[in-house]
Each structure stands twice: as structure tokens, then as C-alpha cells.
Amino acid sequence: MVKAQIPVSPIGFVSVIFAAVGIHQLLSKQFPHGRPVDLAPSNRHSGPPMDPTNVSLRLSNGKLTKIYERVEEEGLPGLMVGPETLIFDNNGTMYTLTEQSKLISITDFRQKRDDDASIMTAKVSEVADLGIGRSIGGKFDSGSCLYFADILKGLCRICLDRTPKPVVELVASRFQLEDGSWSDVTYADDVDIGPRTGHVYFSDATDVKLDRDLKTGKWDIWYPSKLEGIRGLKSGRLLRYKPETGEVDLIASGALFANGVAVDAQESFVVFTSTFEGKVMKYHLTGEKEGQLETILTEFPGFLDGIDCSFDSSLCFVAMPAPATPELKALFAIRPAILSRLIRTILMLLPRGLAPDAKPYGGVAIVHRGDEFSKPSVKQIYQDPTGVDISVITGVTEGPDGKLYLGSLHNDFIGVLDYQ
């Protein structure tokens with residue numbers, strides 16, 4: 001059988017392109033966050049496809065434990081809702097920041113059943129109400145002060161030894177650029193503290209502002225990230241706050257949703273994730289490369305979120321909340337480029353409830369950050385490819401016991417990965 005061929009004239013093709021350009025220009029004027037932009041191949045997610053046969057982060061494999069809140073009185077609402085990142089103080093006590101903008105402590109761990117060590121319960125106590133906003137990443141300094149990123153407010157601090165009670169302090173909601181102009185901290189995301197200087201390194205993920213979902217009344221922290229990922233503008237930044245002077249400076253920019261932040265034990269560098277590029281970036285604080293920014297890792301099957309680096313080894317740990325599906329990767333590869341921008345403009349204009357959602361997935365990457373003897377590399381991927389036991393992992397923290405504590409904006413439990 002001979003298949004019929006439909007002729008496409010050059011004039012018809014040009015007409016389609018001109019129509020796409022016109023529609024794109026018209027739609028773009030209706031959107032407050034600017035037009036989608038092209039991304040060079042080097043700035044697109046280039047990691048390998050997700051392996052659906054890798055189920056190493058399932059309870060059945062014996063590496064994962066889940067910790068649920070133990071509610072003492074039946075009927076009382078739980079406090080542990082959306083524990084995005086786990087934080088340990090200098091005494092090893094575990095804390096997290098919740099959807100209700102509470103700082104809570106997690107203590108007194110017990111097995112739920114004697115015959116099942118994979119499910120634990122813990123006592124959860126409210127330590128402080130952090131006020132209006134949504135607090136996510138945080139880190140204790142050498143004392144009792146917790147610096148935390150609040151998406152709405154900016155970089156904040158609460159010192160737990162203050163009397164009569166701890167008070168939330170706004171540390172930085174804007175900062176001055178080199179040209180003298182002022183720039184807002186629009187979406188404070190993650191925090192780490194240099195062990196040598198006490199400087200606070202934090203990410204400003206995007207210039208898309210947070211707002212409420214009118215249907216639920218909750219702060220919709222996912223929507224700005226979706227817009228940034230579809231738009232492709234790379235507005236994410238890495239900032240540094242110096243407590244001794246009160247100054248904030250910009251040390252890196254150009255990330256496609258700047259997310260997790262981690263400093264090494266010598267404070268010779270700070271690494272951070274560029275979520276939708278699937279990259280781990282490294283900014284050198286000292287040494288021959290001081291002041292230089294480089295990409296050190298890209299071989300991830302998912303988009304990236306939180307990151308933590310061990311002080312006892314050359315390993316870092318990266319949270320992956322969602323797989324980088326072929327469909328999402330293809331959005332930026334469509335040619336001609338004007339068609340890609342048109343499709344992404346339409347996606348940005350969709351009602352909030354119709355915005356694309358990620359597939360259920362939970363992943364953690366164990367990576368070697370590189371040293372004088374070896375290059376950076378991805379050592380192992382732990383994942384639940386369909387989110388059966390754990391999904392949407394947004395935070396990963398190495399605990400005092402060497403295990404990895406996994407947080408999530410969506411879950412009501414904490415994951416613990418014994419990877420060693």
C-alpha cells in the first residue's frame with residue numbers, strides 16, 4: 001500500500017510560524033511574570049531517564065524507615081504536616097518547619113509494633129509559632145539561634161534561649177546590589193551556615209512571588225516553581241548574610257529555581273541545586289578558584305531539591321521530588337523555538353488547578369562531590385519510582401547517626417534512609 005503524502009508548501013509553513021508568533025505575542029502580554037524564554041541545550045535537564053526497576057527506597061528493601069507523629073489524645077489534630085526539611089540542633093535534637101508555619105521538635109522514638117521496625121512513632125511538640133508565611137529550610141548556628149528561610153518573609157532567625165520567649169526576627173527581605181539598587185528576596189528557600197565564619201548562605205529560588213490558592217486558603221508554594229520551570233528565565237540566586245556586619249551580598253545567579261544549599265566542613269565552597277536544570281552548582285569560597293562558579297553534577301534522573309554534605313566524608317546527598325519525564329524535557333526542545341515558547345505561554349496561562357503536576361516519585365542521590373583524587377560523580381540512586389512508600393522528597397539531612405532524614409512538603413511522616 002502506498003501512503004498518501006500531504007504536500008506542505010513553504011508559504012503554508014511560513015504562515016503557521018507567523019501565526020504562532022502573533023498568538024505568542026498576544027498571549028504573553030496577558031501574563032504578569034514575563035514571557036517564556038529559550039534555553040540552550042547546556043541549560044536543560046540532561047540526566048538519564050528514570051529506571052522504573054530501581055525500587056531501592058521501598059520499605060520492603062529494608063533501607064527505609066518511616067516516623068509518624070504519636071498523637072497522645074485521640075481526635076487532636078497532628079502537628080507534623082509537610083515537614084519539608086529536618087534540622088538538628090547542636091545537641092542532636094530533631095526539629096522541622098511545618099505547613100502551619102510552626103517550629104516543632106521530634107523526640108522519644110518508639111516502634112509502632114514490636115514485629116515491624118520499619119514504622120516508628122515520635123512525640124511531636126510545638127516549639128514556636130513562626131507567624132504568617134511558609135517556612136521551609138533552616139539551620140542552627142553554633143549557639144541556639146535557628147536561621148530559616150520563609151518564602152513570604154525572607155531570611156529569618158529565632159533564638160530559642162531568648163526570654164521570656166523566643167521571638168522571630170526578620171534578617172533579610174531585600175539587599176543592595178553592586179550598582180546601588182535594591183533587590184527583594186522573593187522566594188527564600190534553603191539555608192546553611194559556614195562552620196568557620198558563621199556566614200549564612202541561602203537561596204532565593206525565583207522572582208515569581210508566592211500567593212494563596214483561593215480554593216484551599218493555603219500558600220501555594222508549588223505554583224511559583226512550576227511557572228519558573230515552564231518559563232525558563234533562570235532567576236534563581238545564591239545569597240550570603242554576614243551576621244558581623246548585617247550585610248547581604250549576591251554570590252551567584254542564573255539558576256533555574258535555586259533550591260538546596262550546603263557548605264563543606266572547611267567552608268571552602270558552597271554547593272546548591274538548580275532544580276529544573278538538574279544541576280549541582282559549586283561556588284568556591286577559598287583557594288585557587290575563589291569566586292568561581294561551576295557545574296559539578298548533572299547525571300540525575302529527577303529534578304533536584306534539597307542538598308546536604310557530610311562533614312565526615314566527601315559525600316553529599318540530593319533530594320529528588322519528581323522524575324524528569326521525557327514530556328517535560330521535550331517542552332524546550334520543540335523546534336522552531338517560537339512553537340516551544342507558544343506552548344509554554346499557554347501552559348503558564350492555564351488556571352492554577354490545571355497546571356501540570358509531577359508524577360508520584362521519591363528519590364535520593366548519593367554523590368561524591370570531588371576532591372584532588374577524583375572527579376564529582378553520582379554514586380547511587382535510591383528511589384521509589386511510583387511513590388508507593390515515599391514520594392515528593394524535598395529535603396535530605398544527614399543526622400548525627402549518619403542516616404539520612406527525608407522531608408517532604410506533602411507527607412505527614414519523616415523518611416529515614418540507612419544507606420550505609
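The values are calculated or read from the model by the stated rules, or taken from the named source; none is laboratory data. The structure displayed is predicted, hence computed values, not measured ones. FYI the Cβ positions are ideal-geometry reconstructions off the backbone, even for glycines, and counts take in every protein chain you see. The area values use the complete protein model at the heavy-atom level, side chains included, leaving out ligands, DNA and RNA. Shrake-Rupley method; radii C 1.70, N 1.55, O 1.52, S 1.80 Å.
Tabulated data for the structure shown
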| item | result |
| --- | --- |
| Candidates P326, P385, P224, ranked by Gaussian network fluctuation over the chain, Cα under 10 Å, top entry | P326 |
| Cysteines in the chain that, by Cβ-Cβ distance, have no pairing candidate under 4.7 Å | C156 |
| Exposure rule at most 11 other beta-carbon atoms within 10 Å, DSSP loop trypsin sites (Lys or Arg not before Pro): the chain longest free segment | 216-420 |
| Convex hull volume per residue for the chain, taking Cα atoms only, in Å³ | 200 |
| Ellipticity estimate at 222 nm from DSSP helix runs (n ≥ 4, -39,500 (n - 2.57)) divided over the chain, nearest 500 | -3500 deg cm²/dmol |
| Residue-count net charge about F269 - beta-carbon cut-off 13 Å; Lys, Arg +1, Asp, Glu -1 | -2 |
| Highest-first arrangement of 259-265, 165-171, where packing means the average Cβ count within 10 Å | 259-265, 165-171 |
| Principal axis dimensions, region 211-326 - Cα atoms, whole angstrom, descending | 50, 37, 27 |
| Cα centre as origin, Lys/Arg/Asp/Glu Cβ charges: the chain dipole, Debye | 1700 |
| Gyration tensor verdict on region 380-420 (Cα atoms; rounded if a/c is under 1.5, prolate if a/b is larger than b/c, oblate otherwise) | oblate |
| Prolate/oblate/rounded call for region 236-293, Cα gyration tensor, a/c under 1.5 rounded | oblate |
| When each of K139/K375; K226/K403; K226/K359; K209/K379 is checked by Cα-Cα distance, pairs over 25 Å | K139/K375; K226/K403; K209/K379 |
| Within a Gaussian network of the chain (alpha carbon springs, distance under 10 Å), most fluctuating of G198, G217, G399 | G217 |
| The chain, relative contact order in percent, only Cα pairs under 8 angstrom and at least six apart counted | 18 |
| Cα lying deepest toward the dipole's positive end in the chain, options N91, P326, C309, charges on Cβ | P326 |
| Of the GluC sites (Glu not before Pro) in region 304-401, those whose Cβ has at most 11 other Cβ within 10 Å and which sit in DSSP loop | E372 |
| Of all accessible heavy-atom area on the chain, the percent that carbon and sulfur account for (1.4 Å) | 54 |
| Calculated Rg and Dmax of region 156-246 using C-alpha coordinates, Å | 15.7, 47 |
| Distance from region 73-92 to region 264-309 (C-alpha centre basis), Å | 29 |
| Backbone HN-Hα couplings from phi across region 308-325 [Karplus 6.51/-1.76/1.60, Hz, Gly and Pro as x] | 9, 10, 6, 8, 10, 8, 9, 9, 10, 9, 10, 7, 10, x, 8, x, 8, 6 |
| Region 286-400, relative contact order in percent, only Cα pairs under 8 angstrom and at least six apart counted | 32 |
| On Cα atoms only, tilt of 337-349 relative to the major axis of the chain in degrees | 50 |
| Charge sum, other residues only, whose C-beta stays under 14 Å from S101's C-beta, Lys/Arg counted +1 and Asp/Glu -1 | 0 |
| Rounded, prolate or oblate (a/c below 1.5 giving rounded, otherwise prolate when a/b exceeds b/c) for region 342-420 by Cα gyration tensor | oblate |
| Accessible surface, the chain, averaged per residue in Å² (probe 1.4 Å) | 47 |
| Summed residue charge, Cβ within 12 Å of A40's Cβ, Lys/Arg positive, Asp/Glu negative | 0 |
